[in-house]
1. Rounded, prolate or oblate: which fits the range 1-103, taking a ≥ b ≥ c as square roots of the Cα gyration tensor eigenvalues, rounded meaning a/c under 1.5, else prolate when a/b beats b/c?
2. By a straight-distance test (C-alpha under 28 Å), which lysines pair with Lys192 as possible cross-link partners, with residues fewer than eight away in the same chain excluded?
3. In the chain, what % of DSSP beta bridges are antiparallel (nearest 5)?
4. When the Cα atoms of the chain are enclosed in a convex hull and the volume is divided per residue, what value in Å³ results?
5. Between Arg275 and Lys99, what's the calculated FRET efficiency when r is the beta-carbon distance and R0 is 30 Å? Round to 0.05.
6. What's the ranking of 263-271, 126-134 by average number of surrounding C-beta atoms within 10 Å, highest first?
7. Shape of the range 94-161 from its Cα gyration tensor (a ≥ b ≥ c, root eigenvalues): rounded if a/c is under 1.5, otherwise prolate when a/b > b/c, or oblate?
8. Sorted by average packing, counted as other Cβ atoms within 10 angstrom per residue and highest first, what order do 61-70, 6-15 take?
Amino acid sequence: MRVSVIQMSPKSDKAENIAQAKVLMEGAIAADKPTLVALPEIWTCLGGDVATKIASGEPLPAAGSREPGGMAYEFLRGVAMAHGVYVHGGSIGELDGGKLYNTTVVFGPDGEELARYRKIHLFDIVTPDGTGYKESATYGSGDEIVTCDVAGFKVGLAICYDLRFPELFLALRRRHVDLIMLPAAFTLQTGKDHWEVLLRARAIETQTWFAAPACTGAYTEGSGQLRYSYGHALIADPWGHIVAKASDGLGWATATIDKTFMARIRADMPVLEHRKLV
């Protein structure tokens with residue numbers, strides 16, 4: 001299966017972000033003919049104040065229905081159907097019961113929604129330069145581990161800050177996933193030191209393929225503060241090698257993933273069978 005991870009530079013204008021995503025997704029589909037194309041975290045609205053984030057959010061149709069959704073939801077579904085590909089929607093703002101969630105949706109080539117996942121771990125930290133982030137002030141957290149089938153591959157879903165919590169990925173490994181998707185908007189401060197290290201570590205620990213679309217570049221918070229995302233969208237193999245990575249700026253990276261290589265690694269080094277403590 002061929003997988004393309006998109007690297008975007010979204011801002012707070014939802015319509016402009018959708019237009020940017022359309023160009024990049026169609027470019028990747030035309031050039032690399034992926035089976036699955038994936039967007040980064042919260043690409044519909046990065047930056048702006050809380051009111052802007054809420055305004056860009058969308059109520060999602062009932063799971064498993066073919067009811068129409070909002071602008072971003074229908075855009076993702078439309079790309080899947082128009083090009084006959086699987087679409088991993090990175091994450092978008094989901095409105096539910098007056099709360100906003102950082103939520104992944106995945107579509108099949110026929111436009112059917114295959115899965116949705118709400119980000120479990122929220123980014124409430126202070127970076128080394130003293131910049132504070134409090135994702136929980138805007139978003140609610142999820143509490144479910146989610147997998148889905150994509151072209152015969154079992155795919156586990158996670159988002160950005162989830163990467164720092166290996167127990168989630170161990171749980172996904174125990175559900176026999178072949179590929180883990182991790183859309184992100186990693187900060188420049190943390191990304192330059194931890195992004196690739198953590199992705200490679202999780203791939204090695206789980207012996208699973210990792211695909212990580214990413215946001216890059218500058219955006220402005222509602223306070224007027226300028227912030228930067230690290231980028232470096234990449235795909236890593238189950239041995240921890242980076243097999244594809246986007247350059248600086250807008251773009252994408254594509255790689256072919258297979259189960260045979262993964263199965264050999266797991267057979268030669270059966271770490272899941274050797275695990276004793278948890």
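No lab work stands behind these numbers, since they all come straight from the coordinates. Just so it is clear, the model here is predicted, and its values are computed rather than measured. Every residue, glycine as well, gets a Cβ built from its backbone with ideal geometry; the counts of neighbours run over all protein chains shown.
1. Values: a/c = 2.27, a/b = 1.41, b/c = 1.61.
Cα axes put the range 1-103 in the oblate bin.
2. Lys11, Lys14, Lys22, Lys53, Lys119, Lys134, Lys245
3. Working: 37 of 55 bridges.
Looking only at bridges with both residues in the chain, the antiparallel portion is about 65 percent.
4. On the way: hull volume 33.3 nm³, N = 278.
Expressed per residue, the convex hull around the Cα atoms of the chain is 120 Å³.
5. It comes out at approximately 0.25.
6. Values: 263-271: 12.9, 126-134: 11.2.
Peptide ranking by packing, descending: 263-271, 126-134.
7. On the way: a/c = 3.04, a/b = 1.89, b/c = 1.60.
Since a/c reaches 1.5 and a/b is larger than b/c, the shape of the range 94-161 is classed as prolate.
8. Ranked by mean Cβ neighbours within 10 Å, highest first: 6-15, 61-70.
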